[in-house]
1. For segment 90-131, give the magnitude of the charge dipole about the Cα centre (Cβ charges: +1 Lys/Arg, -1 Asp/Glu; no others), in debye to the nearest 20.
2. State, to one decimal in nm, how far the label point of Ser80 lies from the label point of Asn119, with both points 7 Å from Cα in the Cβ direction.
3. Straight distance only, please: which aspartates and glutamates reach the Cα of Lys40 with their own Cα at less than 16 Å, same-chain residues fewer than 8 apart left out?
4. Rounded to the nearest 20 Debye, what is the dipole magnitude of segment 64-128 about its Cα centre when Lys and Arg each give +1 and Asp and Glu each give -1 at the C-beta?
5. Compare the Cα positions of Ile72, Phe5, Ser106 along the charge dipole of the chain (+1 at Cβ of Lys, Arg; -1 at Cβ of Asp, Glu; about the Cα centre) and return the one farthest towards the positive end.
6. Return the lysines within reach of Lys127: Cα separation strictly under 22 angstrom, same-chain partners fewer than 8 residues apart disregarded; answer none if there are no such residues.
Amino acid sequence: MKTIFKDFAEYWSHIKPLSFSQRDTIFNNLSLSEQKRLKKSYMEEGWEDVEMRNILDGLIDNIKDDLNLDIIFIRTKVLSGKSFYIKKAQWDFIYDVFKQFNKRHSYYVIGDIEPEIVNNETILLKKKEYYGQEKNK
């Protein structure tokens with residue numbers, strides 16, 4: 001059976017400028033075997049990781065713009081051993097945004113940060129301690 005795209009990279013190079021509905025139409029009109037092959041290429045060649053990183057980076061930018069909080073700067077500060085005070089509502093929002101993603105994707109944003117409630121309005125972010133346990137990413 002003749003294939004149209006040799007792998008996901010070639011497929012993506014052609015459909016990237018199209019709308020989501022146009023992409024769906026093209027994908028759904030491919031043979032089932034080609035759809036399966038492209039899905040396999042997508043997973044094996046790390047395209048999921050690239051796509052997820054782009055989505056998360058966009059969310060980080062939105063938080064920076066909307067809340068004036070640079071979560072990557074905060075995480076870097078916390079992991080270097082410094083603590084960081086943040087409004088509880090802001091932390092709850094940030095945590096809720098990123099907890100919906102697989103930990104292997106969101107780890108670089110909120111991984112190893114431990115929140116400690118200071119009061120009803122404030123959270124202290126600090127480096128998570130493992131106390132002899134190996135950390136699991």
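1. Taking the Cα centre of segment 90-131 as origin, the dipole is about 280 debye.
2. 2.9 nm
3. Excluding near neighbours in sequence, the set is Asp7, Glu10, Glu48, Asp49, Glu51.
4. On the way: 12 positive and 9 negative charges, 67 e Å.
Dipole size: approximately 320 debye.
5. Phe5
6. By straight Cα distance, Lys127 reaches Lys64, Lys77, Lys82, Lys87, Lys88, Lys99, Lys103, Lys135, Lys137.
Throughout, read-outs are computed from the coordinates displayed, never taken from laboratory work. Remember, it's a predicted structure, so these values are computed and weren't measured experimentally. Every residue, glycine among them, receives a Cβ derived from its backbone with ideal geometry; neighbour counts consider all protein chains shown.
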